[in-house]
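One structure is given here, and the rest of the page talks about it.
The values are calculated or read from the model by the stated rules, or taken from the named source; none is laboratory data. Owing to the predicted nature of the structure, the values given are computational and were not obtained by experimental measurement. Heads up, the Cβs are rebuilt from the backbone with ideal geometry, glycines too, and the neighbour counts pull from every protein chain shown. What goes into the accessible areas is simple: the full protein's heavy atoms, side chains included, and nothing from ligands, DNA or RNA. Shrake-Rupley method; radii C 1.70, N 1.55, O 1.52, S 1.80 Å.
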Amino acid sequence: QVQLVESGGGLVQPGGSLRLSCAASGSISLILYMGWYRQAPGKQRELVATISTGGSTNFAESVKGRFTISRDNAKNTVYLQMNSLKPEDTAVYYCNLVQTNYYNSRSRYDYWGQGTQVTVSS
């Protein structure tokens, strides 16, 4: 089993910044992607940003130009830098990891963190 530990959430004013971190541990084999999703009350969980081990990134249109994603492959850690935060960014943010293994490269294993609350309010 893979465990994901998130940190960095909290309360911030509109226009402010936060940096989220997610560290993976446990039965890690070959990581394909790490990233962040979020879920606001009454809404579906949505993709925020992902990054592959090779460095390819993907962002939701609503956060492009404001958020950046990075990773430290040696530490199995992914970061989300959130700038110019808006009230509509308020949500629980979940870390996600997708990996394969050395015996079947077509296999996919999907893991989720517990989530960290981000609240943007004046």
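Partners of residue 43 within straight-line reach, counting lysines whose Cα lies under 28 Å from its Cα and excluding those fewer than 8 residues away in the same chain: 64, 86. DSSP finds beta bridges in the chain, and of those with both partners inside it, around 95 percent are antiparallel. Modelled label positions at residue 57 and residue 107, each set 7 Å beyond Cα in the direction of Cβ, lie 3.2 nm from each other. Please list, by residue number, everything in the range 101-122 whose backbone N is under 18 Å from a paramagnetic label point 7 Å out along Cα→Cβ of residue 86. 118-122, by backbone N distance to the label point. Protein heavy-atom surface of the range 31-108, 1.4 angstrom probe: 46% of the accessible area is carbon and sulfur, with nucleic acids and ligands not counted.
Computed from backbone phi with θ = phi - 60° and the Karplus coefficients 6.51, -1.76 and 1.60, the 3J(HN,Hα) list for the range 8-17 is x, x, x, 9, 9, 7, x, x, x, 9 Hz; x is used for glycine and proline.
For the range 1-80, state which GluC sites (Glu not before Pro) are in a DSSP loop and have at most 12 other beta carbons lying within 10 Å of their beta carbon. Intermediate results must be reported in sequence, preceding the final value.
On the way: sites: 6, 46, 61; in loops: 61.
Taking the range 1-80 and a limit of 12 other Cβ atoms within 10 Å, the loop GluC sites (Glu not before Pro) found are 61.
For the range 110-115, backbone phi angles converted through the Karplus equation (6.51, -1.76, 1.60; θ = phi - 60°) give residue-by-residue couplings of 10, 10, 10, x, 6, x Hz, Gly and Pro being listed as x.
Amide hydrogen proximity for residue 2: with H placed 1.01 Å from N in the peptide plane, the residues at 5 or more positions away or on another chain lying under 5 Å are 27.
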